[in-house]
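This report refers to the structure that appears directly beneath it.
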Amino acid sequence: MAGAAEDARALFRAGVCAALEAWPALQIAVENGFGGVHSQEKAKWLGGAVEDYFMRNADLELDEVEDFLGELLTNEFDTVVEDGSLPQVSQQLQTMFHHFQRGDGAALREMASRITQRKCKVTSTALKTAKETDEDEDDVDSVEEMEVTATNDGAATDGVCSQPEPSDPDAQTIKEEDIVEDGWTIVRRKK
């Protein structure tokens, strides 16, 4: 009887590893080294930690499993999962554990093989972060903010260009208070 229990536990362990290896959020975290230089080792350790968690807590609720997995990913991989996959993986793990508790090795084997078959390789693409985008915008702004030396009737003036005189006497003049901090000008209606 002990051999059957050990076989079931080995099948549960294999199912946990299959579920975690097929989890895109974890794959991305490991692939990009979110867990530091030891991300691969942490991912392997995670399988054992999840298995032990189930063995120590026989009557877990789904939200407890979600919280545990979320905490592990946050603490070990500095990753917050917001793609909706956390409840799915938690449900898979909980279902496998119920099969394990009943000693249903065939269901465990079948579930692990189904997860492995559906496993897809996740590759990340380089996206500009908000900081990189801001830096790019700063580069554009820096071109606009460059000091300009303009000539006015042959005399050089640094950074200041005189405004052309309006040809229409009713033309609206721009007051200093109409120029907002970020360089925009408030346009007012004629009275």
Matching residues in segment 10-51 (within 23 Å of the chain's Cα centre (by Cα), aliphatic (A, V, I, L, M) and open to solvent by 30 Å² or more (accessible area, probe 1.4 Å)) number 2
Looking at (1) in contact with a Gly (Cβ under 7 Å, 6 or more places away or on another chain); (2) crowded, with 16+ Cβ neighbours inside 10 Å, can you tell me which one Asp7 breaks?
(2)
What single numbered condition from (1) at pLDDT 90 or above; (2) farther than 23 Å from Lys44 by Cβ; (3) open to solvent by less than 30 Å² (accessible area, probe 1.4 Å) fails to hold for Gly105?
(1)
Condition check: over 16 Å from Gly105 (Cα atoms) and modelled with pLDDT under 90. Does Ala58 satisfy that?
yes
Residue check for Phe54: open to solvent by 40 Å² or more (accessible area, probe 1.4 Å) and of a type in the set (Phe, Trp, Tyr):
no
I need the full set of residues from segment 57-79 which are open to solvent by 50 Å² or more (accessible area, probe 1.4 Å) and under 16 Å from the mean Cα position of the chain (by Cα), in order please.
Glu71, Thr74, Asn75, Glu76, Asp78
Restricting attention to segment 80-97, which residues are open to solvent by 20 Å² or more (accessible area, probe 1.4 Å) and within 14 Å of the chain's Cα centre (by Cα)?
Val80, Val81, Glu82, Asp83, Gly84, Leu86
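The values are calculated or read from the model by the stated rules, or taken from the named source; none is laboratory data. Since the model is a prediction, treat every value here as computed from it, not as a measurement. Methodologically, a virtual Cβ is constructed for each residue, glycine included, from the backbone with ideal geometry; neighbour enumeration extends over all protein chains shown. For accessibility, only protein heavy atoms count, side chains too; no ligands or nucleic acids. Shrake-Rupley method; radii C 1.70, N 1.55, O 1.52, S 1.80 Å.
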